[in-house]
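Input: a single structure, listed below in structure tokens.
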Amino acid sequence: MTTPTQTEPPFVPLRHSGWATRRTPLRVFVILALVAAAVVVTSLSHKPSQSQRASDLAGYFKDVQGGVGSCAAGLHDAENAYGQLLSGSVALTKNAQSVFTYGESNCTLASNEALSNFGNYQVAQSLASFNLDAADNDILSWSFDASAAQADMLAVLRATVPAARASAQVTLNAALLKLDDQRAVIDGSWTAAKRATGASAPLPALPTWTPPAS
């Protein structure tokens, strides 16, 4: 007796690749690449005009003055008061102490909101080549040292013996000279930018220490 031959359907492997996905057409990638290239070319080809940079620099100077102006004005008043004391104006002692105390506080980020906000200031892109961000950091350092200098003025004022007063004056004189050196560096950066752009706007005002005539 012959055993019948058993036949089975052909084996078909199961699919384990999950749901079928649609492939993004190649033309989409081409379009995206062209758009990206156009953005790069546009950004490289667009250069601000001389007048635009001069206008942006004038706006920058205005913003700097708004940020550091009250600190600078307070230091100016403190230097004037200290100069008068050196000239022998004893009657101004009480008023000078108030000027020094206010100026010291007003040149700190914690007490001066405008100065604190300036700490986050962003220079316009058209002025990027002038490295004004470095000048802004120098301004914040200058304000910190201006606060310290006015504290030194208070130390001179409060010294009760000649030796202590002389020592305090040496410290203060060094602090005032440091401020002048910092201001010169900052003014140099601003002046270079002003010349390059042809801007006519005045530089922000930072005081210069002028010792009274002896």
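The values are calculated or read from the model by the stated rules, or taken from the named source; none is laboratory data. Small disclaimer: the values here were computed from a predicted structure and weren't measured. Cβ coordinates were reconstructed from backbone atoms using ideal geometry, including for glycine residues, and neighbour counts include every protein chain displayed.
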- [ ] Please state which of the following conditions residue 67 fails to meet, knowing it meets all the rest: (1) part of a helix (DSSP H, G or I); (2) touching a helix residue (DSSP H, G or I) at 6+ places or on another chain (Cβ under 9 Å); (3) surrounded by fewer than 20 Cβ atoms within 10 Å (Cβ to Cβ); (4) not hydroxyl-bearing (Ser, Thr, Tyr).
- [x] (3)
Task: Top-ranked residue in the stretch 108-146 [being over 29 Å from residue 195 (Cβ atoms) and of a type outside the set (Gly, Ala, Ser); ranked as surrounded by the fewest Cβ atoms within 10 Å (Cβ to Cβ)] - done: 113
Open item on the list: Six or more apart or on different chains, Cβ atoms under 6 Å: show the pairs whose first residue is in the stretch 83-104 and loosely packed, with under 15 Cβ neighbours inside 10 Å and whose second is modelled with pLDDT under 90 and not in a helix (DSSP H, G or I).
Closed with: 86/212; 87/212
Task: Extreme residue, farthest from residue 156 (Cα to Cα), among residues of the stretch 172-193 that are crowded, with 20+ Cβ neighbours inside 10 Å and over 18 Å from the mean Cα position of the chain (by Cα) - done: 176
TODO: Identify, from the list 136, 152, 145, 181, the residue that is modelled with pLDDT of 95 or more, touching a Gly at 6+ places or on another chain (Cβ under 9 Å), at negative phi and among the charged types (D, E, K, R).
DONE: 136
Open item on the list: If I ask for residues that are more than 16 Å from residue 210 (Cα to Cα) and aliphatic (A, V, I, L, M), which ones from the stretch 156-176 would you list?
Closed with: 156, 157, 159, 161, 163, 164, 166, 168
Open item on the list: Can you find, within the stretch 194-204, the residue that is surrounded by the most Cβ atoms within 10 Å (Cβ to Cβ) among those that are of a type in the set (Gly, Ala, Ser) and touching a helix residue (DSSP H, G or I) at 6+ places or on another chain (Cβ under 6 Å)?
Closed with: 199
Task: Test: residue in the stretch 147-164 that is surrounded by 16 or more Cβ atoms within 10 Å (Cβ to Cβ), part of a loop (DSSP other than H, G, I, E, B) and among the small types (Gly, Ala, Ser) - done: no
